[in-house]
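Reviewing the structure listed below.
The values are calculated or read from the model by the stated rules, or taken from the named source; none is laboratory data. The shown structure was predicted, so the numbers you read here are calculated from the model rather than taken from an experiment. Positions of Cβ are backbone-derived with ideal geometry, glycine not excepted, and every protein chain shown enters the neighbour counts.
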Amino acid sequence: MIKEGVLFDELPDKKVKCNVCSHRCHISDEKLGVCRTRQNKNGKLYTLIYNTVSSEAVDPIEKKPLYHFLPGTLSYSLGTIGCNFRCQHCQNWNISQASLVDSHTIEITPETAIKRALASGSKSIAWTYNEPAIWHEYTFDSAVLAKKAGLKTIYVTNGYITPEALRRIAPYLDAFRVDIKSFSEDFYRKTCGARLAPVLESTKLAKELGMHVETITLIIPTKNDSGEEIIQIVKWVHDNLGADTPMHFTRFHPMYKMDDLYPTPIDTLEMAYDIAKKEGMRFVYLGNVGGHKYENTYCPKCNALLIDRVGFRVSAIKIKDGKCPQCGEEIPMVGPGKK
């Protein structure tokens, strides 16, 4: 469905400037932005994907991954097509790099989405699978309805959203699960077709605006796996988001245009975990390594096992009234027992 967009400037010669993502595309008449889902039509900006859904699922919230936000619950999850990044290792490249003409999609209105979310027994709705920032008009309208219905709201995002767009949706957005893919501008430019600085800016702003923030870094062999770079990422999160911010380091598997690499060694992931703990981060997790002990949540004071996980399955949650039952340490968590 085509709908007039928001957050754009009209420029001379029927050009427009899109202010939804940090590319801030200058788009000529009848042309598309970088995301290929926002088009200039006669000097006005339109979204081509309002109501357009490529992926619909009811996921464990741990799949996002969110470990300190409604643990053990389900999240009604929607994705569309397109992306403002060109990641060479994208696991969802078949929708993120797809075009409208060759994609299989369905129409789900915001009203229908909220009804389906409630019927599924989910406690939240997540916009995920591809980049939700480019779906701004739809996710905004849906988030407004979700809050009225008592659902929590989630962006699973690359963080390339403008301050204007983030501030607009902030009153209706509860969680911001953001990729910090590297701490190298060169990596972002060559591997993603983007820049690092706007990601850090939006992540810091999301925290300031009161959202629950968790970060994830996919550790790619030979690309972003040095101890020096991991230290840089960790120190930035510690200093700008706080020591209680959950950090996820996940295992790379050969994918898309990076199918010539090898999976991340477990030792490398454990190195990242050790660095983060040494630098003062209190909640650090490893992902894509089912059954690893660092999938679990432990009390940072007494090391008691608080949430037992295997993959996306939670077998036990032992937090009581937001505290460790063994030593009484406060555990920052949206649920259980806390709002």
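Of note:
- Selection status of residue 75, at pLDDT 95 or above, within 26 Å of residue 309 (Cα to Cα) and buried (at least 20 other Cβ atoms within 10 Å of the Cβ): yes
- Screening 209, 145, 166 for residues that are buried (at least 22 other Cβ atoms within 10 Å of the Cβ), closer than 28 Å to residue 117 by Cβ and among the hydrophobic types (A, V, I, L, M, F, W, C) leaves exactly one candidate, 166.
- Sole residue being closer than 13 Å to residue 157 by Cβ and surrounded by fewer than 23 Cβ atoms within 10 Å (Cβ to Cβ), chosen from 128, 105, 109, 139: 128
- Residue that is outside the structural domain of residue 185 (by TED's automatic domain parsing) and of a type outside the set (Lys, Arg), where the choices are 42, 84: 42
- Filter result for the condition that a residue is without any contact (Cβ under 8 Å) to a residue 60 or more places away in the chain, assigned to a strand (DSSP E or B) and over 26 Å from residue 150 (Cβ atoms), over 13, 29, 9: 9
- Filter result for residue 245 (crowded, with 19+ Cβ neighbours inside 10 Å and in a strand (DSSP E or B)): no
Here is a yes/no grid of residues against (1) under 16 Å from the mean Cα position of the chain (by Cα); (2) more than 23 Å from residue 75 (Cα to Cα); (3) not assigned by TED's automatic domain parsing to the domain that holds residue 138:
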{"residue": "159", "(1), (2), (3)": "yes, no, no"}
{"residue": "164", "(1), (2), (3)": "no, yes, no"}
{"residue": "167", "(1), (2), (3)": "no, yes, no"}
{"residue": "170", "(1), (2), (3)": "yes, no, no"}
{"residue": "177", "(1), (2), (3)": "yes, no, no"}
{"residue": "184", "(1), (2), (3)": "no, yes, no"}
{"residue": "193", "(1), (2), (3)": "no, yes, no"}
{"residue": "197", "(1), (2), (3)": "no, yes, no"}
{"residue": "200", "(1), (2), (3)": "yes, yes, no"}
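- Condition check for residue 228: more than 14 Å from the chain's Cα centre (by Cα), in the same structural domain as residue 287 (by TED's automatic domain parsing), farther than 24 Å from residue 166 by Cβ and outside any loop (DSSP other than H, G, I, E, B): yes
- Any hit, region 75-98, residues being over 23 Å from residue 198 (Cα atoms) and touching a Pro at 6+ places or on another chain (Cβ under 8 Å): yes
- Only one of the numbered conditions (1) at pLDDT below 95; (2) crowded, with 17+ Cβ neighbours inside 10 Å; (3) in a helix (DSSP H, G or I) is violated by residue 134, and that is (1).
- Count - residues of region 179-191 that are over 15 Å from residue 203 (Cβ atoms) and crowded, with 21+ Cβ neighbours inside 10 Å: 1
- From the options 189, 195, 177, residue that is assigned to a strand (DSSP E or B) and either basic (Lys, Arg) or without any contact (Cβ under 8 Å) to a residue 12 or more places away in the chain (or both): 177
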